[in-house]
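Participant: First, the structure itself, so that you have it in front of you.
The values are calculated or read from the model by the stated rules, or taken from the named source; none is laboratory data. This structure is a prediction, so every number in the text was calculated from the model and none was measured. Quick reminder, even Gly has a Cβ in these numbers, built from the backbone with ideal geometry, and neighbours come from all protein chains shown. Surface areas here come from the heavy atoms of the whole protein model, side chains and all, with no ligands, DNA or RNA. Shrake-Rupley method; radii C 1.70, N 1.55, O 1.52, S 1.80 Å.
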Amino acid sequence: MTPLPAPLRWLYSLEWRRGFFDWARSDGVTWVYIFKVLIAAFLTLWLAMRLELPQPRTAMITVFIVMQPQSGQVFAKSFYRFLGTLAGSTVMVALIALFAQNTELFLGSLAIWVGICSAGAARYRNFRAYGFVLAGYTAAMVGLPALAHPDGAFMAAVWRVLEISLGILCATLVSAAILPQTASAAMHNALYQRFGVFALFVTDGLRGRSQRDAFEAGNVRFIAEAVGLEGLRSVTVFEDPHMRRRNGRLSRLNSEFMGITTRFNALHQLLERLRNSAADQVVAAIKPGLQDLAEVLDGYSGRSLTSADAARLVTALTVYKEGLPARVRSLRATFQESEPSDAEQLDFHTAYELLYRFVDDLHSYAQTHASLADHSHAREQWDEPFTPQTNWMAAAASGIRAAFILVVLGSYWVATAWPSGATMTLIAAATVGLSAATPNPKRMAFQMACGTFLGALIGFVEMFFIFPWIDGFPLLCVMLAPVIVLGSFLSSRPQYAGVGLGLLIFFSTGSVPDNLTVYNPYTFINDYIAMVLGMLVCAAAGAIILPPNSRWLWRRLEQDLRGQVVYAISGKLKGLASSFESRTRDLLHQAYGLAAGQPHVQRDLLRWMFVVLEVGHAIIELRKEQAILPVHPAYAESQPWRQAIRVMGRALVRLFLQPGSNNLERALVAVDHAISRVQSTDEPFAPHFDTSALRRVKSYLHFIRTSLLDPQSPLAAYAIAKPEGLEHAS
């Protein structure tokens, strides 16, 4: 057989195909996105010009703003952009009707409205925030030019809604029709991959192979994935009816994943405390049960978990879970032959109580994952949604900053009567809105100013040296395409997203010709100077006026994080565990992002989260145990052990609201007192963890105590004077 020529052998080689598919999954996706942006932008511009809309550039800008790599994200962003545009246009018409003859009152009212919308954008993240952004700057972008001609305000609002609707229609059509990248596929992939990573994380922890840094990095990853998957879930309902039918299960799955990570963290922290304190006898007694679970999970570590795999995992966990009580009794009998101390017995019981709860939650997670294969399922019934938590002061600071910028720039415009002052004010309103939902508005505004300056340079050349010499729409597209490609590429890179956004939006604002093109260099230069100045003022305000990435906000978010223990103690019990999980993780996700570049701050925040989740979950379990106690004198509300738990709750509230040595000591005394009261109470049931409520209560109390005395916890700084307490806890 004649061998193939070298070029053909290379064409058919496995290395070439592997390299191509690697490129297609990374940079190839970016270039497909850029290609779709070009098609959608030119289709929108052509239709807007053919329909003789007053500002075709507005429709084209809409494409740049709503276009995303995944079609579900385009649908979601378009939906909220349309709602925000309607709200902003309505408010603008109302303000014009009320204050058309008084510019000062109009600007003051507009500043208040933009401030409210910026605060809303900081409060409601993801694409909901974008609705608030649009509601704010639409009022400014339509209202400020309409001040000169109030009688045309209503028609200006109508035309803007039509232009934006055209851009939305074209963007969604192109995104869905041409090489669609669906959010539902991304969510499927994320769900399948996530459990394999977690299973490997668990088996390493059960066998004592995980390092502290890897453990913390893994938790940061799981937190980001939980928050990100909640955003993806809210997007998939716009594009995929199959995912919409599974929306409740997806929400439940995310909640249950947060639950199993917290369960395992609690178990892992206890095991690490035992290993570090050289409690070899206890570790050896616990190890066989841990090894059994690690062997169950070995087959799922580091690989995707499909619905069929999840069904097999359910079967394996069912067998393990049913045999666990007998296994624990056997191990405990062997352990007691060595005559362990009371503290060692508590450690043994607490470890297996945490293990049993972890396996139970893991079993529930696997059942939910397996149920995704069915079109309808009973596990779809889920009414404990992800509950985001945003510090009200951070949202208020964003609103105050936006209102201040509008007042200052609007006053400057009125005082100087600069013809481009309205442009400066409305561009500042747009910039402050677009940067309000970002962790670093100063950086975002400055990057947008850089992109706008670059757009001004390119736009000047094209507007006055190229456009007068071209004829026809195809040549116009040829001239615009390089700028759109550059801007789209930059916006696809997170580190340059602001530059790309500024180039795309504000090059189009100042340099894309309308149906009736006016070549006026004076106005062109003035308008771009006004745009860049407005953005620089926004950047300066973001750096000076309550900047969100400063120490004050880290501290506020840390206080909110500690306050979740208070929420666990006082919140309504129904749905409390899920709400507590999501609020705590969302707070840490925000704080971790704001503290970027400050590793010591991030480490402290992460360790606060560990102790908050450990103590908070134990408290919730205590409350659940007390809520389902049978009617018996040993469990009565007046029993000393129940009174002691209430006293402990008040001591923990004081400790987490105001951490300090005295409050830590009071909390430890209260926990010790509660443990002793439980130990001295008799109950009419066998003393096993699956039959004795008081044994489970005692285990949770002991775990709270060990968490408070954990040498890796931030609370350890307040227990330096009591090293014997730390030794006893371990």
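Participant: When residues of the range 384-404 are filtered for being open to solvent by less than 70 Å² (accessible area, probe 1.4 Å) and part of a helix (DSSP H, G or I), how many remain?
Facilitator: 10
Participant: Condition first: without any contact (Cβ under 8 Å) to a residue 40 or more places away in the chain, among the β-branched types (Val, Ile, Thr), surrounded by fewer than 17 Cβ atoms within 10 Å (Cβ to Cβ) and part of a loop (DSSP other than H, G, I, E, B). Can you find one or more residues in the range 511-520 that meet it?
Facilitator: Looking through the range 511-520, at least one residue is without any contact (Cβ under 8 Å) to a residue 40 or more places away in the chain, among the β-branched types (Val, Ile, Thr), surrounded by fewer than 17 Cβ atoms within 10 Å (Cβ to Cβ) and part of a loop (DSSP other than H, G, I, E, B).
Participant: Still on this structure: Does at least one position in the range 456-473 carry a residue that is at pLDDT below 90, aromatic (Phe, Trp, Tyr), out of contact with any Lys or Arg (no Cβ under 8 Å at 6 or more places or on another chain) and crowded, with 17+ Cβ neighbours inside 10 Å?
Facilitator: Yes, the range 456-473 contains at least one residue that is at pLDDT below 90, aromatic (Phe, Trp, Tyr), out of contact with any Lys or Arg (no Cβ under 8 Å at 6 or more places or on another chain) and crowded, with 17+ Cβ neighbours inside 10 Å.
Participant: Further question on the same structure: Keeping to the range 655-669, report how many residues are of a type outside the set (Gly, Ala, Ser) and open to solvent by 40 Å² or more (accessible area, probe 1.4 Å).
Facilitator: Total meeting the criteria: 6.
Participant: Can you tell me how many residues in the range 632-650 are farther than 18 Å from Leu668 by Cβ and either touching a residue at least 60 places away in the same chain (Cβ under 8 Å) or of a type in the set (A, V, I, L, M, F, W, C) (or both)?
Facilitator: Matching residues across the range 632-650 total 2.
Participant: Quick check on the range 670-688. Is at least one of its residues open to solvent by 70 Å² or more (accessible area, probe 1.4 Å), over 25 Å from Gly563 (Cβ atoms), of a type in the set (D, E, K, R) and modelled with pLDDT under 85?
Facilitator: Yes - at least one qualifying residue is present in the range 670-688.
Participant: Among (1) farther than 30 Å from Ala417 by Cβ; (2) surrounded by 18 or more Cβ atoms within 10 Å (Cβ to Cβ), there is one condition Arg493 misses while meeting the rest; what is its number?
Facilitator: Condition not satisfied by Arg493: (2).
Participant: What's the number of the condition Leu169 fails, among (1) of a type outside the set (Asp, Glu); (2) more than 32 Å from the chain's Cα centre (by Cα); (3) in a helix (DSSP H, G or I)?
Facilitator: The one condition Leu169 does not meet is (2).
Participant: Still on this structure, I have one more. Condition test on Gln381, is it open to solvent by 40 Å² or more (accessible area, probe 1.4 Å), at pLDDT below 85 and under 30 Å from Ala285 (Cα atoms)?
Facilitator: No: the conditions fail for Gln381.
Participant: When residues of the range 187-236 are filtered for being assigned to a helix (DSSP H, G or I) and over 17 Å from the mean Cα position of the chain (by Cα), how many remain?
Facilitator: 21
Participant: Quick one: in the range 353-377, of everything that is modelled with pLDDT of 85 or more and hydroxyl-bearing (Ser, Thr, Tyr), which residue is most open to solvent (accessible area, probe 1.4 Å)?
Facilitator: Looking at residues that are modelled with pLDDT of 85 or more and hydroxyl-bearing (Ser, Thr, Tyr), I get Tyr356.
Participant: Could you pull out the residue among Leu652, Leu605 that is in contact with a Phe, Trp or Tyr (Cβ under 7 Å, 6 or more places away or on another chain), crowded, with 20+ Cβ neighbours inside 10 Å and not small (Gly, Ala, Ser)?
Facilitator: Criteria check complete, one pass: Leu605.
Participant: How many residues are out of contact with any Phe, Trp or Tyr (no Cβ under 8 Å at 6 or more places or on another chain), touching a residue at least 40 places away in the same chain (Cβ under 8 Å) and under 26 Å from Gly472 (Cα atoms) when one looks only at the range 485-505?
Facilitator: Total satisfying the criteria: 2.
Participant: Can I ask one more? Is it fair to say Ala627 is hydrophobic (A, V, I, L, M, F, W, C), surrounded by fewer than 18 Cβ atoms within 10 Å (Cβ to Cβ), touching a residue at least 40 places away in the same chain (Cβ under 8 Å) and more than 25 Å from Leu561 (Cα to Cα)?
Facilitator: The answer is yes for Ala627.
Participant: I'd like the residue in the range 118-166 that is among the charged types (D, E, K, R) and over 20 Å from Val63 (Cα atoms) and, out of all such residues, is nearest to the chain's Cα centre (by Cα).
Facilitator: Arg125
Participant: Which count do you get for residues in the range 567-602 that are exposed (fewer than 15 other Cβ atoms within 10 Å of the Cβ) and within 12 Å of the chain's Cα centre (by Cα)?
Facilitator: So the answer is 0.
Participant: Those residues that are open to solvent by 60 Å² or more (accessible area, probe 1.4 Å) and of a type in the set (A, V, I, L, M, F, W, C), I need them from the range 415-442; list them, please.
Facilitator: Scanning the range 415-442 gives Ala415, Ala417.
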